Number of protein chains: 2
Amino acid sequence: MKLEKLVGDRFREKPADCVVESHALMLRGGYMKGVSNGIYSSYMPLRRITRKIEQILREEMDAIDGQEVQFPVVMPASLWQESGRYESIGKELMRFTDRNQTPLVLGMTHEEAAVQLVREYGQSYTRYPFMIYQIQTKFRDEARPRAGLIRVREFTMKDGYSFHTDQADLEAYYKRCLEAYRRIYARVGIPEVLAVASDSGMMGGSVSHEFMLLTPIGEDSIAICEACGYRANMEAAECIVRNVRDAVSHSLERVHTPDCHTIEELCAFFGCEKKQTCKAVVYQQNTDNRYVVLFLRGDLEVNETKLTNVLGCAVRPAEITPESGLAAGFISPCGLNADCTVLFDRSLQNTDNLICGANRQDYHYIGLDMARDVGAVEYRDFAKIAERGICPHCGAPAIHISRGIEVGNIFQLGTKYTEAMGMTYQDEDGNTHHPVMGCYGIGVGRLAAAVCEAHHDDFGPIWPVSIAPWQVHLCAVRADNDAVRACADALYEQLQARGAEVIYDDRTVSAGVMFSDADLLGVPLRVIVSPRNLKQGIVEVASRDKTFSKSVPLETAAESVMHILNGMMHQ
Amino acid sequence: MKLEKLVGDRFREKPADCVVESHALMLRGGYMKGVSNGIYSSYMPLRRITRKIEQILREEMDAIDGQEVQFPVVMPASLWQESGRYESIGKELMRFTDRNQTPLVLGMTHEEAAVQLVREYGQSYTRYPFMIYQIQTKFRDEARPRAGLIRVREFTMKDGYSFHTDQADLEAYYKRCLEAYRRIYARVGIPEVLAVASDSGMMGGSVSHEFMLLTPIGEDSIAICEACGYRANMEAAECIVRNVRDAVSHSLERVHTPDCHTIEELCAFFGCEKKQTCKAVVYQQNTDNRYVVLFLRGDLEVNETKLTNVLGCAVRPAEITPESGLAAGFISPCGLNADCTVLFDRSLQNTDNLICGANRQDYHYIGLDMARDVGAVEYRDFAKIAERGICPHCGAPAIHISRGIEVGNIFQLGTKYTEAMGMTYQDEDGNTHHPVMGCYGIGVGRLAAAVCEAHHDDFGPIWPVSIAPWQVHLCAVRADNDAVRACADALYEQLQARGAEVIYDDRTVSAGVMFSDADLLGVPLRVIVSPRNLKQGIVEVASRDKTFSKSVPLETAAESVMHILNGMMHQ
């Protein structure tokens, strides 16, 4: 491919609306163009990258006995009604009707379609286990698409679905898939991806893992124990608090606290620490606007995923009206008389001498003893695990919170879908059961963006050779020089004849333009033919990551380049 | 791949709702499953076929300098408003709105997206010509999906878009693309596909071709001249009629014609031929319900595509009400006083002594002389070319009408989209022009179905080796026999080690079940290991199309099979 013919513009300026590097570099390098909010078209370089990623996904899924199938992008709503998700999923699920007013949806995941495809096939135990997967376009009507390919509305995803006669068989397969995922991340150049325990969210099921590339620009927070290696998405990590009651438990006393509207002001007023307070966080349920008051220790934050899982519906921060009966900013667990759901976080268990609101403007209680003053209530885990928090696995106070991009996930779904959709099999004795399912997803575009986040410099992406749009970037510096052109043309032919994927820049532009374009395309190996090099009878071979640069004799240049390239490919 | 593990059921019974063989065989063979009206999921065998077709498409598009890109499935309506097609296309275009009430569409073709992607890139003449293509899912809300993969609502398509500085350059490229299409059809096993001139329809532009596989089950009619080889879709073929006036032109006379409600009855009443009559066909415009009366010679049929193109809007057969002023069945071009659009087909030019309606119930005129009695009206081509009609190219009355499946199309679009969407380039002298576009489509699933239509027998598809789901179907007849299993297992390994794609049937089922399953999978080469064969020291190798069957020595079976397979692949 000649660079001169490559459709797409490359430019130097960082586009204004880019908050992450992969987004900026993919726009600057002519990889993609925005079509609508969270919807992109890909130019050839990105399409070549995604095709290579797709092929790696395919090979690794085939290696664990996956069968490639294809589900539709557009599905009848009736299929999603069978599983119950037509109602339970929010606006992310794109709903519309066809010319006959039949309700349809755009696939954002394909559990329903997978069950529909194999419902009859899987009627006998003899046919298990099996796994089917596809690589297909999906659409998710995100409220806030952002960060280029990291969070889009339309995306290509590899999604696999496995079916098993029992949980043990699923677990064995789940481990194979986890290993396949490790190989995938290694092959695309980010072996550092971590598997972390995750919340199952709308997918249902119990055990699930997310695969995280740690990076400060990630949208997810991951709790990692520096003592034992425990890892979990903060959404899923249990928050453990060990309270010790004070030697003396004071009595409850109401105190006038003017101008204390925040926890910080309250702590300053009393000269205490946040963890000596009990705060109330108020939500409203999206379904019926009912108020939910959650009490937790003042130094902790609410994990809304845990709250949502307990309530069984989504919530939003409350708008507290005068009619609510809630004294905003002064809500107390003692004597709360409003019509609302009241919940208590485990961080309040076994506490005394706390400061909390007094259900009255500008008044707080001191000396709150939860057991004595609030009585027997149910304590649950609603808090976010915090930096230096206690590891739920080993108990050491060694939790470190990192940011990460989720580049894949695997779920043990149990029988949620097979039960809802009436899929059964007969066992050897003629008894009927619901098969157990697992599901396994990797977003192709996000994976490309994640690799770019992990491998770039100020000048452009540094693509691993396994997914680079081309393998060799051949630059003819001063292509108007006959000797340069003849030599570069010959090298272009020779490299291609030897099977290399070459992008060839024979434009009559300055070396500066040539090299900055090459940096933006991020091809791992660069070969430079120039008048100066020719005078010395050599061509220059350099890696995009700047770790090496060497001169090779002109006569054997093609062999040398192939040798270096093969070395890169088998690293 | 072991057949035992292949997800999908195969069965003998022809499903009730199948009108074409490819549909029935693809259901019976476990290739696909219906999800909704005109929407299918593919099992592994079909996905393997479509992937091979996609790879052939990719190679041939790359060979004519195409650059693979990817456009979105979901596009903002604003893009289609720019081109004007948001309004002009009917219900086929799936329209809906997202969570922010932004109107969106599902891509059924991507001219708008192509222009959007390259609008800035293509601002200088130096960047032309270029062609971009994608292989992507599309959705078209067909009123009547039918015939399995022949006419669906969701489909995968290879669509390419070329951009040129002028018409001459487009035409040169168009020819290259036409040749690439010929190679594609040859490679997938249907070299008999014909390029025929076609109507450009909603795509705009002038010159266009469709690629037709002739088959009685096709939805399209193709006019082929047996004298000169001219070929055109009947929608596009000019209908030429050569009338000769009679020696004596009688005067116009009104005749009572009781019980003459059809042309046939009228001809019986007068003892004349259909071509001696002038008939009126009445439509209503979909946009405003206005009546359109079209007069043409009684022996010809209306080509509604031509009518629609002239009117600029879609029509439907009229409901003639008493208020319309039209005497249904007796409409005459003489003295027609209704509020309607009146059109005349060229078949009435230079005619006399015709019989036509008299605008009065149970009366007709005889002796109609169009020039004398109707006067100077505009005659246009509205009629369908007919069997034995005159060839518009060579003039011989040698037209034969065949049925065909459209398996691809190419269009010269002109500047329709670049003008509407404001895409321009500067020429060498700084003058601004709109680039000229071509577009090139092939539906992947329909192509697979067409190959199946062309290559099948009563027992299943006969896939050409280039797109077959596997290359070799290995049958271990009596796999419970130790010698058979050992030999077949070894052959399975040996063939795979030599690069063959093998589906291996080692189930303990009868030879009958085994062979009927093999017939349904349609793999081109079958290898049979059986106790009887082993006794003779041979294995049997047979082609799916039953053209050959031979015994090869057991010791060199793998080599022999590879030799035969290579022969098939390079035929």
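No lab work stands behind these numbers, since they all come straight from the coordinates. These figures come from a predicted structure and were not determined experimentally. Because the Cβ atoms are built from the backbone with ideal geometry, glycine has one as well, and the counts that use them run over all protein chains shown.
What the table shows:
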| item | result |
| --- | --- |
| On Cα atoms only, tilt of B:511-521 relative to the major axis of chain B in degrees | 50 degrees |
| The stretch A:310-360: radius of gyration over Cα atoms, expressed as a fraction of 2.2 N^0.38 Å | 1.28 |
| Residue order, fewest to most beta carbons within 10 Å, for A:PHE139, B:PHE11, B:PHE155 | B:PHE11, B:PHE155, A:PHE139 |
| Charge context of B:ILE462, other residues only, Cβ under 13 angstrom, K/R +1, D/E -1 | -3 |
| Mean Cα-pair separation over length for the stretch B:253-380, i.e. relative contact order, pairs under 8 Å, 6 or more apart, % | 29 percent |
| Placed amide H near A:THR341: partners under 5 Å, 5+ positions off or other chain | A:TYR291, A:VAL292, A:VAL293 |
| Three principal axis lengths of the stretch B:470-569 [C-alpha, angstrom, descending] | 33, 29, 22 |
| Identity and axial distance of the chain A residue whose Cβ lies nearest the axis relating A to B, Å | A:PHE96, 2 |
| 5 angstrom amide H check on A:SER208, placed H, neighbours 5+ away | A:SER198, A:GLN412 |
| Selected from A:LEU266, A:SER347, A:GLY298, residue furthest toward positive end of dipole (the stretch A:253-380; charges at beta carbon) | A:SER347 |
| Proximal charge balance of A:PHE515 [Cβ under 10 Å; K/R count +1, D/E count -1] | -2 |
| For chain B, radius of gyration divided by Kirkwood radius, i.e. Rg to Rh on alpha-carbons | 1.07 |
| Cut-off 10 Å between beta-carbons: net charge of the residues surrounding B:GLN81, Lys and Arg +1, Asp and Glu -1 | -2 |
| Neighbour-count ranking [beta-carbon atoms within 10 angstrom, fewest first] of A:LEU6, A:LEU336, B:LEU46 | A:LEU336, A:LEU6, B:LEU46 |
| Charge dipole magnitude, Cβ of K and R +1, D and E -1 - the protein assembly as shown, Cα centre, debye nearest 20 | 1200 debye |
| Range of Cα positions in the stretch B:130-183 per principal axis (Å), largest first | 39, 21, 18 |
| Efficiency of FRET from Cβ geometry, A:ASP288 and A:ARG403, R₀ 41 Å, rounded to 0.05 | 0.75 |
| Inter-part distance where the stretch A:432-510 and the stretch B:449-524 are each reduced to a Cα centre, Å | 39 Å |
| Exceeding the 25 Å Cα-Cα cut-off - candidates B:LYS158/B:LYS306; A:LYS5/B:LYS158; A:LYS33/B:LYS33 | B:LYS158/B:LYS306; A:LYS33/B:LYS33 |
| Sorted by Cβ density within 10 Å, fewest first, the residues A:SER83, A:SER251, A:SER516, B:SER198 | A:SER251, A:SER516, A:SER83, B:SER198 |
| Semi-axis lengths (Å, descending) of the ellipsoid that matches the C-alpha gyration tensor of the protein assembly as shown | 60, 41, 35 |
| Cα point-scatterer Debye curve for the stretch B:253-380, base-10 log of I(q)/I(0) at q = 0.14, 0.17, 0.18, 0.20 Å⁻¹ | -0.57, -0.86, -0.96, -1.18 |
| Farthest toward positive dipole pole in the protein assembly as shown [+1 Lys/Arg, -1 Asp/Glu at C-beta], among A:HIS256, A:TYR31, A:SER324 | A:TYR31 |
| Reachable lysines from A:LYS91, criterion Cα separation under 16 angstrom, eight or more residues apart if same chain | A:LYS138 |
| Hydrodynamic radius by Kirkwood, which averages 1/r over all alpha carbon pairs of the stretch B:414-461, in angstrom | 14.4 Å |
| Cβ-based charge dipole, the stretch B:125-201, positive-most Cα from B:ALA195, B:LEU170, B:ILE135 | B:ILE135 |
